[in-house]
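Written out below as structure tokens is the structure these notes cover.
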Amino acid sequence: MRAIVHTLFQDGFRVAARAHQTLDRLQRAREFLGVIVPGDDVEHMSMLLHVDADARYLVIDELNPPRGAAPQPGEELLCLGRAGGMFVGLRCRLDRAQDWEGYGALRLDWPHALYQLQRRANYRVPARPGDVSELELSRRGARGLQAECLDLSASGMRVRCAAPGDFELAAHEWIEHLQFRLEGELIECAAQLRFVRAPRSPSGESGTRLIGLALEQLSMPQQRLLQRYVQRRDRELLRDGRL
């Protein structure tokens, strides 16, 4: 575990975007976390029990094996887990020890740093308002759709659009022509739908669709344009502390 920690906890793998969703995946997976207290020689095991993104804290199971000296409030913990098959590192400070459903647990402050062992260009980042405009999907045998970009990576995009009035969208549908402007630069390519979701409204009706798109047939200049934007936005989020 220490070899992975030594590799992972570096600025090159530090990310800002969508930390709460990564933490939710770790919690749902119910996989063990490796925990290291910097300066200690012992490696501990734990589990992520609770994530509160609003109050900005986590709860993990008590350390196993127990630490000789009890962790002190304010002490830093390095936690290592897996989300989506990739290693995820959390750098947190201990708030306090507490009971959780009748067992011992540790309450941690919201991670002040999150690390993922993957290429930075593949991270999804929320676009600034106005950065992605004129987004249109041309469909084979159906009316085109105008959409709003929610977030994007160097190879994909999550968008919201009105429900089609003719033919419903379906996962794996091929979009022959997708176009949008990224900071004024026109990007034209093809795309494939990875997922389609219909959020429910309080009335039980849904007039919108959430769509995951894999961008295809991008030219090299377009790929570089997307990569530079994603990396710059990720750095902006890190600078602003918006984990």
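The values are calculated or read from the model by the stated rules, or taken from the named source; none is laboratory data. These numbers come from a predicted model, not from an experiment. Note that we place each Cβ from the backbone using ideal geometry, even for glycine, and neighbour counts take in every protein chain shown.
Could you check region 28-59 and list, in sequence order, the residues that are surrounded by 19 or more Cβ atoms within 10 Å (Cβ to Cβ) and hydroxyl-bearing (Ser, Thr, Tyr)?
Result: 46, single match.
When you scan region 59-77, do you find a residue that is under 14 Å from residue 107 (Cβ atoms), modelled with pLDDT of 90 or more and either among the hydroxyl-bearing types (Ser, Thr, Tyr) or touching a Pro at 6+ places or on another chain (Cβ under 6 Å) (or both), even just one?
No - not one qualifying residue is present in region 59-77.
Taking into account only those residues within region 101-120 that are in a loop (DSSP other than H, G, I, E, B) and at pLDDT below 85, which is nearest to residue 48 (Cα to Cα)?
Among residues in region 101-120 that are in a loop (DSSP other than H, G, I, E, B) and at pLDDT below 85, the one nearest to residue 48 (Cα to Cα) is 117.
With the structure loaded, tell me whether residue 67 is among the charged types (D, E, K, R), without any contact (Cβ under 8 Å) to a residue 40 or more places away in the chain, in contact with a strand residue (DSSP E or B) (Cβ under 9 Å, 6 or more places away or on another chain) and in the same structural domain as residue 23 (by TED's automatic domain parsing) or whether it fails that test.
Judged against the criteria, residue 67 is a match.
Can you say whether residue 190 is in a strand (DSSP E or B) and among the small types (Gly, Ala, Ser), as far as the supplied structure shows?
Yes: the conditions hold for residue 190.
Checking residue 129 against (1) in the same structural domain as residue 228 (by TED's automatic domain parsing); (2) modelled with pLDDT of 95 or more, which test does it fail?
All conditions pass for residue 129, except number (2).
Take the conditions of a type in the set (Val, Ile, Thr) and either within 26 Å of residue 14 (Cβ to Cβ) or touching an Asp or Glu at 6+ places or on another chain (Cβ under 7 Å) (or both) and apply them to residue 196. Does it pass?
In short, no.
Step by step: first the residues of region 125-147, then only those that are part of a loop (DSSP other than H, G, I, E, B) and touching a residue at least 40 places away in the same chain (Cβ under 8 Å), then the one that is farthest from residue 175 (Cα to Cα). Which residue is that?
Selected residue: 128.
Part of a strand (DSSP E or B) and closer than 16 Å to residue 110 by Cβ: does that describe residue 49?
Spelling it out, residue 49 is indeed part of a strand (DSSP E or B) and closer than 16 Å to residue 110 by Cβ.
Looking only at region 70-92, how many residues end up being in a strand (DSSP E or B), in contact (Cβ under 8 Å) with a residue 40 or more places away in the chain and not hydrophobic (A, V, I, L, M, F, W, C)?
Qualifying residue count, region 70-92: 4.
It is to be established whether one or more residues within region 148-159 are buried (at least 16 other Cβ atoms within 10 Å of the Cβ) and either polar (S, T, N, Q) or in a helix (DSSP H, G or I) (or both).
Yes, the conditions are met somewhere in region 148-159.
Give the residue that is surrounded by the fewest Cβ atoms within 10 Å (Cβ to Cβ), with candidates limited to residues of region 193-214 that are hydroxyl-bearing (Ser, Thr, Tyr) and at pLDDT 60 or above. Give the steps one after another, and end with the answer.
First pass over region 193-214, keeping only residues hydroxyl-bearing (Ser, Thr, Tyr): 201, 203, 206, 208.
Among the residues that remain, those that are also at pLDDT 60 or above are: 206, 208.
Values: 206: 13, 208: 15.
This residue is 206.
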